[in-house]
Every structure is written in structure tokens, then in C-alpha cells.
Amino acid sequence: MQAVTSTALDPAELLHRLRARTAQSGESPITHIEQVPAREGRPVDWPSWVSPALIDTLAAHGVERPWSHQAAAATLANSGTHAVLATGTASGKSLGYQLPVLTRLLTDERATALYISPAKALAADQLRAVTRLGLDGIRPATYDGDTAREERDWVRQNSRLILTNPDMLHHSLLPGHQRWAQFLRRLSYVVIDECHAYRGVFGSHVAHVVRRLRRAAARYGGSPTFVLASATSGDPGLTASRLVGLPVSPVTEDGSPRGAVTFALWEPPLLPDISDDGSDMIQVRRSALSETADLLTDSVLAGTRTLAFIRSRRGAEVVASIARRSLNDAVPGLGSRVAAYRAGYLRDDRRAIERSLLSGELLALASTNALELGVDLVGLDAVLICGYPGTRASLWQQAGRAGRAGGEALAVLIARDDPLDTYLVHHPSALFGRPVEATVLDPSNPYVLGPQLCCAASEAPITLADLPLFGGDAAQAALDGLTASGALRKRPSGWYWTHRGRPEVDLRGTGGGPVQVVEAPTGRLLGTVDPESSHSMLHTGAVYLHQGVTYVVDDLDLEDAIALVHPEEPEWTTQARDVIDLSVVSVRSYVDAGPVGLFLGEVDVTSQVVSYQRRRIATGEVIDTRPLDLPIRELRTVAVWFTVSPRALEAAGISPADFPGALHAAEHAGIGLLPLIATCDRWDIGGLSTANHIDTEAPTVFVYDGHPGGAGFAERAYESASEWLRATRSAIVSCVCESGCPSCVQSPKCGNGNNPLHKPGAVQVLDVVLQALA
Ligand SMILES: [Zn+2]
Ligand SMILES: [Zn+2]
């Protein structure tokens, strides 16, 4: 086994070696190098209200003084102000909530507190940290799906600091609130850790779980102060307020020290032109996956322990298998020290991989963001990030994996051919400046609100006085609907759940369990895929990868939620195509800007995966398109759309024949750039553009949430329309291609095969819209 380097990393030297492979081509792939300097910490004195016993204990455990942000958040919370601490990874956010919580528990021997985290592993970490302090009489304990039944009783009766998760509140604590009466009456603090994880549909559900918790506590006389911890994001105070339904004060000034990171932005080089007549030239960049695989190979050859983050599970498998092959070519056997890792793997596979990486048996991992939460990996020197992970919080969380105890680290962001990635590698200030994207959730989503009101009613009848808590008018309308459908019964004293058992509500989705992927010849379960992705990932004929082994799907059985696959190594990948139809149901809000209209409202979308393309792995060339027979899916959701009068488009120089291509190109780029302002994935949203929509009677571009009832993305786009569309325009303009490419206006999920697209027209459309909105 080859020894791992023990010398400290020199980021400049490693970057130089990584660049060597492309040096002969002339053009440098590095568009920007940000030296993120080491930051001096800003320690402050202990706030005067902190329990002296706690100060002594912390000092005995090496905590001399708090950092400024910890003290600021703690003092707000101690004064009864709901607060959110939104600072960087490893800035010690936990002390910010531990100070007020533990001080209260130490000084009031009856007080209780609840700690909520999105992942069991985080609650376990937190339990270890508090237990280590050895404070008397607090008896911290976890309460989750792993807690044995007899142990649960003990925890409920004795623990004063309970560590749990939203699912456990939803399924166990809240339905059994009578048994928790004493704990809830004495509830002084609720800590919500990693609260940026509560976004989209899941976040909207959790917002109601928190409201149900507030109602249950109030029933017994409890009125807890909320302390939240978040990764850095745009407007953390507003997001936290939406999550708990109360005003929350943000603390964002980070006073903790940080090691230096060399952060390089990397744009893969253009491939030689494919066409020979020059008239219809399409310039294509080398794929980010091949580029990352090469960088991973070179980095391992340089003896650097490296972690590559790849957005898609497929990508992680591809990068691992290319790197393995190249490393074996260079040093026979070295390839076995690279592995792929992702969330869909079964638990045993994942644990084995984690152990090998920690022991040094593995030198490099190609991972999806499964590693972002919970797993504590140390000793990595370099992180390669293949494609922007969607949020700055994720970017810094991934980059933060590099850096051994105070040493320097290298992080490289490799741009994919995607408008957002193109924009970011050419606008570094959008990455290294102030964050603009906000964590988005929408508690008023009727598909979330209805089921959550049923849960609330099953816990205790909903009274008129409860309406403001659950959203006022929206709650009233939802209750009327639930009463009419027979889900709830209205009596003079309120709305009642009168059915046997409890409502079945899944916090993590809007219906349907995951599809199981089974190897047909052996019956072995390989992993799972969520139902929303199953049509496009597991259709018959789809190529599916698991641990670097390629499988082809024989059959997707939607009824039993099983996909049967067999191992096979074809020369192609597959990409599903869908067709979409959209109609406007209602308009929630609009801006009348002369020739331009901007709207937010409900829409009905029908979509169907109708075919898939097979593409050669090496070149990306399309081999053929094959039809599929999958059912239509219907979606009632929220959309943002703009209309432009045909006269204004013509006045801007677009000929009517080019309207469809110009609008279509603007739609694609707009979808690509939306993650810049809202924490969503391009795959969470869909779009439709047309030169004349039947409902708007004008040239229109729609962008809609891909989840039933909407998840807040379209709403955020509507609120920040100018900022969003300005960045969209800028991404198109800064792409060097002539007539449109995947880095600007082409979309990998286009149902029309990226046809028609008119790149200059898209810029003209956006100019008209931006001018009118200004
Ligand atoms: Zn382009
Ligand atoms: Zn399209």
C-alpha cells in the first residue's frame, strides 16, 4: 500500500500540478483564484448572565471565552428574543444556543428544553458534547426512532434536555402531547439546529410541526424561546421567522477564526470545433465530469487526500470509475483506493466506505452531498466540487471538508456546462461576496397546509383562536375545504378529526414511497430512488450506475415501486425527455408594467416522460431517441410568469418568426439562474414558453415549482424578478458561444430537444422586461 503524504499541503503547488495537464492547450481553465485568508477570531467576555458553574465547566473543557457571534446570539435568546445564528461551517454555533439553554437548566431546576436537528447523527454529536460537560440534573437524552419503548418513558419523565428530530415530533411527541404535559409546561427553549435544511416541501411541513409544537406547549402554559442555527444564507431572519411563525432576530457577524483556503474557479476548456463548414458552429466544453475525474487522478498521484463532490449520483459513479481506470494505468492497483459514495447506498456499504477513508485505505472519494451532514471526516487536503452545488451554504460546507488542523487547504469549483455555473465562474463576487440566495419554504402550500391541519385537529380541535397560528385566511379556506370533503367535522367549538387512527402524513414528500432498484438475476436490493425522479431515472432502457457498476433497467413497475435491472456495460448513457402542458388556474399577484406583465399564481401542469435519448459516453453524440409508455403526471403548483406584448418585442428588433426561440432561450437560462436567488435545484423547477399562450393571450414565459402546491421557489423569483432576470441576461451575454450552448441557453431537460433557441433574441426579450420593470 502506498504511503499517504504527511507533509502539509502547499495549495499553489498542487494547483500548479493540476493545471499542468491542460497547460499545452494555451487557454487556462482557471478563471479566478480567491485567497480566502485566515481570519483572526474575535473573543469577548462571558455575558454577565451566564451561569458561573457553566463558565467553570466550559473553561475546564478548554473554552476560555466565547466568540463575539456566540455571545450575541446567546444574549438575545437569554432576554427572550427569538434568534437565529447564521454563520459559517465550524464557527461554533452550538455554544450560541448552549449558553442560554444550559444556564436556564442549571438555574431553574424544573425548566426543560428541546433540541431539534434534521439528522440523527447531529443529535448524537450534540448529546455527546453536552454529556461530556457532566452537568448535574440535566440528564440529556436523545428521543428518536432508535429509542427503545421502555427508554422513551424514562426520557419523557426524567430528561430536561431532549434531542430529537421533526419526524419524531410529528409522529410521536405531538400526537401523545398529554403524556408530555409536564415537559411542555416547563419548556423554556426550543433549539432548531441546521435550520437551512428545512426548505421546499419538507421545510413547509416542518414549519407546521413547529406551529403544532407551539400550540401544544401553550395548551399547558409553556412559551419557549426559539434559538435557531443556520448556515450562511440570504435573509436568515426572514426564513427563520417563516419557519417558526414568529419574529426572529438574525446574528450574522462571524467572530470565529478560520484557516486559509485557496479557492480556484475552473472552467473546463473548449473542445476542438466539431463542425467543418464553420456556418453552424457549436462550441462545446469538456465535460465537468471528465475534468473532475482527471483532477482527482492527478491529485491522488500527487499524494493528496482528496474528496470530489459531484451533484448527481450518476456523476459520482462515473468520476470514480474513470479515476480508477486512469490510476490503474499509472500505478497498477492504485485505482482500488478510490471509491464512490452516495445517499442511496445501503447502510452497510456506506459505513464500510467511511471506515476505509478514515483509516487511509482509501485515498479519494467521489461523493454526492450525502457527506454534507453527519459524517465527521478529517485529514482531507483538497476538495474538488464538480458543478456548483446549488447554494453557497453547500459550497462552503463542501469546501470546509478540506484543511487539516489549521493547515492550508485547496478547493476547486469545476463549472459544468450550465448557465448558473458559467455565470459564477465569471462573476466571482457572486460567490465570495454577500450571499443573496434565501432558504425558501411556503407554509401556505395547500398540499402541506391541509394534511397538517388534519394532524393538528387530531391532536386537539382547531379553534378560531388557532387560525392566526396556521396562516389566517389560508387556514380558514383550507379548513372549509377539509370540512366539505369530510376530512374534518365542524362543530360550534371548532374543527374536529373524528376518524379512527391518525392522519397519514409524510413530512418528506407529497406522496409515494421510494422506488426500489433490484438486480433481477440475484434479487439483490441495490438502492432506492425517490418517486419524483423515478420516471426519468429508471424507465425501461435507462442506464443506472451503482458503485461504478453499470446496470440497464429491464422494467419499471410503478404499481409495486420496483425497478428490475441487470448488469451491463453499454457504450452510452440515457437521458429522458418529457412533454409539458400548462394552464393558468388563478393569479395571486401581478405587476402591470406597460408592455410587460409579471405574474404569480396557481397553474396546472401535465407532464409525461415520452422518450429517451441514448448518447455516446465518450463524445456525447446522440445515437437515437426511443419512445416510452409512461403515465401522465398532473401537478397543481405555483408559477411565476411574464408576458411581453408582440409590439414591444418587434420594437426591440425581434422578428415574429424568432419569438418562440427567443422566449424559449430566455426560459432555459432563467431556470438555470433561479438557484442564484432561491435555494432550489434546477431539477426542482420547470418551465414553458410560447409565442401565444391560450390563457395569457401574449408571448409568455412560465417558470413553475416542480412540487405539488409549490415550495416557494416561484414566489421568490416573483419577489426578486429584476435581480433574477438581470443575472439571467448577464449569464447569456457572458457566454462566448455564438448561437447558444449548454452553458447559456440550452437545457439538459428540455422536452423539445433545445429547439428552437434564439440566443440574441433572449437577451432582447430580457432587455424589454428589465426596462419595463425598472
Ligand atoms: Zn453559450
Ligand atoms: Zn426547452
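Local charge for Pro268 was computed over the other residues whose Cβ lies under 13 Å away, with Lys and Arg +1 and Asp and Glu -1, and equals -2. Across the chain, the mean sequence separation of Cα contacts (distance under 8 Å, 6 or more residues apart), normalised by length, yields a relative contact order of 12 percent.
Across all directions, the average flat footprint of the convex hull enclosing the Cα atoms of region 199-321 is 14.2 nm². According to the Cα-based calculation, Rg over Rh for the chain is 0.96, with Rh computed by the Kirkwood formula. Backbone phi angles across region 729-737, fed through the Karplus curve with coefficients 6.51, -1.76 and 1.60 (θ = phi - 60°), yield HN-Hα couplings of 4, 5, 5, 5, 5, 7, 7, 7, 5 Hz in residue order; Gly and Pro are listed as x. Over the chain, DSSP H runs of length four or greater, each weighted -39,500 (n - 2.57), average out per residue to a 222 nm ellipticity of -10500 deg cm²/dmol. If only the Cβ of Lys and Arg carry +1 and only the Cβ of Asp and Glu carry -1, the dipole of the chain around its Cα centre is close to 2660 debye. Under a 5 Å amide H cut-off, with hydrogens placed 1.01 Å from N, Leu757 pairs with nothing among residues at least 5 apart or on other chains. Can you tell me how region 113-196 classifies by the Cα gyration tensor, rounded, prolate or oblate, using a/c under 1.5 as the rounded cut? Because its axes are fairly even, with a/c under 1.5, region 113-196 counts as rounded. Against the empirical curve 2.2 N^0.38 Å, the C-alpha radius of gyration of region 687-774 lands at a ratio of 1.14. Scoring 10-17, 572-579, 260-267 by mean Cβ neighbours within 10 Å over their residues and listing the highest first yields 260-267, 572-579, 10-17. What is the diffusion coefficient of region 448-591 in µm²/s, taking the Kirkwood radius over Cα pairs and the Stokes-Einstein relation at 37 °C with a viscosity of 0.692 mPa s? Value of D from the Cα-based Kirkwood radius: 173 µm²/s. Using a Cα-Cα cut-off of under 23 Å, which lysines could be cross-linked to Lys759, ignoring same-chain neighbours fewer than 8 residues away? Within the straight-line cut-off, Lys759 pairs with Lys749.
When Rg and the Kirkwood radius Rh are both evaluated on Cα atoms of region 382-511, their ratio Rg/Rh stands at 1.25.
For region 658-749, state which GluC sites (Glu not before Pro) are in a DSSP loop and have at most 12 other beta carbons lying within 10 Å of their beta carbon. Let's see the in-between values first.
Values: sites: Glu667, Glu697, Glu715, Glu719, Glu723, Glu738; in loops: Glu697, Glu738.
Passing both the DSSP loop test and the Cβ count: Glu697, Glu738.
State whether region 616-774 is rounded, prolate or oblate according to the following rule on the C-alpha gyration tensor (a ≥ b ≥ c being the square roots of its eigenvalues): a/c under 1.5 gives rounded; otherwise a/b larger than b/c gives prolate, and the remaining case gives oblate.
Note, shape of region 616-774 comes out rounded.
Hey, if you drop one equal point scatterer on each alpha-carbon of region 503-656 and run the Debye formula without solvent, what base-10 log of I(q)/I(0) do you get at q = 0.10, 0.15, 0.19 Å⁻¹? One equal scatterer on each Cα of region 503-656 leads to -0.55, -0.91, -1.13.
Restricting the trypsin sites (Lys or Arg not before Pro) of region 78-124 to loop positions (DSSP other than H, G, I, E, B) with no more than 13 neighbouring Cβ atoms within 10 Å leaves Arg110. Annotation: extensible slack from Asp153 through Ala774 equals 217.5 nm (criterion: 0.36 nm per residue apart, minus Cα-Cα distance). Under 5 Å between amide hydrogens, built in the peptide plane, is the criterion, and for Ile192 it picks out Ile116, Val227, Leu228, Ala229 among residues at least 5 positions away or on other chains. Taken as Cα centroids, region 704-734 and region 380-401 sit 23 Å apart, rounded to the nearest whole angstrom.
Taking amide hydrogens as placed 1.01 Å from N in the peptide plane, the amide H of Leu488 sits under 5 Å from those of Thr483, each at least 5 positions away in sequence or on another chain. Residues in region 576-592 carry Karplus couplings, in order, of 7, 10, 10, 10, 10, 10, 9, 10, 7, 9, 7, 9, 8, 7, 8, 10, 9 Hz; the curve used is 6.51 cos²θ - 1.76 cosθ + 1.60 with θ = phi - 60°, and Gly or Pro positions show x. Per-residue Karplus couplings for region 148-158, computed as 6.51 cos²θ - 1.76 cosθ + 1.60 with θ equal to phi - 60°, are listed in order as 5, 4, 5, 5, 4, 4, 4, 4, 4, 7, 10 Hz, Gly and Pro entered as x. First check a/c for region 24-180, with a ≥ b ≥ c the square roots of the eigenvalues of its C-alpha gyration tensor; if it is under 1.5, answer rounded, and if not, answer prolate when a/b is larger than b/c or oblate otherwise. Oblate, because a/c is 1.5 or more while a/b does not exceed b/c. Dimensions of region 90-233 along the principal axes, based on C-alpha atoms and rounded to the nearest Å, stand at 36, 33, 29, largest first. Under Stokes-Einstein, with the Kirkwood radius over Cα pairs standing in for Rh, what whole-number D in µm²/s applies to region 588-655 at 4 °C and 1.567 mPa s? After rounding, the answer is 81 µm²/s. Label separation (Val585 vs Ala260): 5.6 nm, computed from points 7 Å beyond Cα along the C-beta direction. Judged by a Cβ-Cβ distance under 4.7 Å, the unpaired cysteines of the chain are Cys195, Cys386, Cys454, Cys455, Cys680, Cys750. Rounded to the nearest 20 debye, the dipole size of region 86-217 about its Cα centre is 440 debye, using +1 on the Cβ of Lys and Arg and -1 on the Cβ of Asp and Glu.
Counted residue by residue at 0.36 nm each, then reduced by the alpha carbon distance between them, the extension gain from Asp629 to Trp572 reaches 18.4 nm. Which percent, nearest 5, of DSSP beta bridges in the chain are antiparallel? Once the DSSP bridges in the chain are tallied, antiparallel ones form about 60 percent.
Here, each number is a calculation from the coordinates, and none is a lab measurement. Everything quoted here is computed from the prediction, not taken from an experiment. Glycine gets a Cβ as well: all are built from the backbone with ideal geometry, and neighbour counts include every protein chain shown.
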